[in-house]
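Encoded as structure tokens, the structure appears first; notes follow it.
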Amino acid sequence: MDSRPVIVGADGSPDSERAVHWAAEAARLRAAPLQVVHVWPYVTAARAADAEAGTGDPVLEELRQRLAGDAGLPEVEFRSLNGLTDAILPALGDEAQLLVLGSRGRGGFASLLLGSNGMACAAHAACPVVVVPRPDRGGAQTAAADGGAARPGVGHRQGPAHGRVTLGIDPTAEETRESSAIGFAFQEAARRGAALQVIAAYMWPMVVPNAFDYVVAYDTTQREYEQALVSQVTEVLAGYRERYPEVAVEAALRPADAAGQLVEASEQSDLVVVGRHRRRLRIGRRLGSVAHAVLLHALCPIAVVPEAAREEDD
């Protein structure tokens with residue numbers, strides 16, 4: 001059993017409180033401790049001393065009071081840290097089995113779909129990162145304005161449970177065979193008693209033929225290509241199906257944009273799981289274009305799972 005905690009970032013915003021609720025349930029499902037972290041961008045000497053003693057942080061004190069009456073919570077620890085939030089939070093991934101954040105915090109522009117902290121954690125944290133979006137994203141639901149919103153209690157769901165986890169994979173990529181996201185998605189579906197929907201999207205690489213004589217050959221070539229991809233996907237999933245026989249799996253190969261397919265599926269999913277690309281260069285972020293688009297637009301929580309590092313990545 002993994003003894004590392006589920007860590008969730010909190011800043012007193014409704015978005016972060018939704019993340020705390022989601023993280024509490026994730027910790028319960030894992031039988032793991034929950035760690036609620038608030039990062040101060042600046043701190044006085046007196047406040048630093050209080051933080052060492054576990055007191056004096058109004059954000060955490062309010063959460064502590066709100067969580068106190070929930071008997072179903074796992075073990076909870078509150079931590080007050082100081083420093084640059086978009087540096088501190090990703091670094092916490094080294095000590096967590098899961099890092100959870102809301103899609104937006106108190107800073108920046110309220111109209112942005114994803115905050116800089118969520119992006120930094122998804123791109124750099126060593127553990128899987130879950131970003132919990134606002135319930136009104138995409139116009140799916142109507143949410144009250146932050147200023148006068150009545151805050152839900154722990155265990156509150158932002159929408160109905162669909163009993164489905166959705167996983168996006170690239171059937172054309174060789175590293176898909178070693179994808180950590182696949183194992184994570186199967187584990188999450190098993191914990192939740194949910195079905196697993198696997199979306200393997202690809203873009204047909206050939207241009208549309210401009211002469212009728214080539215249509216038959218073109219269609220035959222595409223069918224052969226698809227059959228090869230189906231065989232590859234079946235082979236990749238086979239070991240996980242054996243390991244998790246209780247998980248009902250529906251795999252679909254779709255010649256379409258991957259991000260669009262996953263965003264559409266998120267409307268009827270409890271969680272969308274995507275892998276984070278390995279870093280090809282030693283500079284810059286490691287978040288792929290599909291993961292980036294899904295983080296911006298998916299309607300349910302999104303898990304971004306880093307790939308196991310190769311020797312050349314060390």
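Values in this text are rule-based calculations from the coordinates and carry no lab data. From a predicted model like this one, the values you see are computed outputs, not experimental measurements. Glycine also receives a Cβ, built like all others from the backbone with ideal geometry; neighbour counts cover every protein chain displayed.
What is the distance in Å between the Cα centres of the range 1-24 and the range 61-104? One Cα centre to the other: 5 Å. Couplings 3J(HN,Hα) for the range 176-182, derived from phi with the Karplus relation 6.51 cos²θ - 1.76 cosθ + 1.60 (θ = phi - 60°), are 4, 4, 10, 5, 5, 5, 5 Hz, where x marks Gly and Pro. For L73, L92, the sequence from fewest to most other C-beta atoms within 10 Å is L73, L92.
Extending 7 Å from the Cα toward the beta-carbon at both A252 and E226 defines two label points whose distance is 1.4 nm. Arranged from fewest to most other beta-carbon atoms within 10 Å of their beta carbon, S180, S3, S266, S231 become S3, S231, S180, S266.
Close amide H pairs (under 5 Å, H built 1.01 Å from N) link L81 with H38, V39, W40, residues at least 5 positions away or on another chain. Ranking of H277, H38 by neighbouring Cβ atoms within 10 Å, starting from the fewest: H277, H38. Here the Karplus relation 6.51 cos²θ - 1.76 cosθ + 1.60, evaluated at θ = phi - 60°, turns the backbone of the range 183-198 into coupling constants of x, 4, 5, 5, 4, 5, 5, 5, 4, 8, x, 10, 7, 10, 9, 10 Hz, with x for every Gly and Pro.
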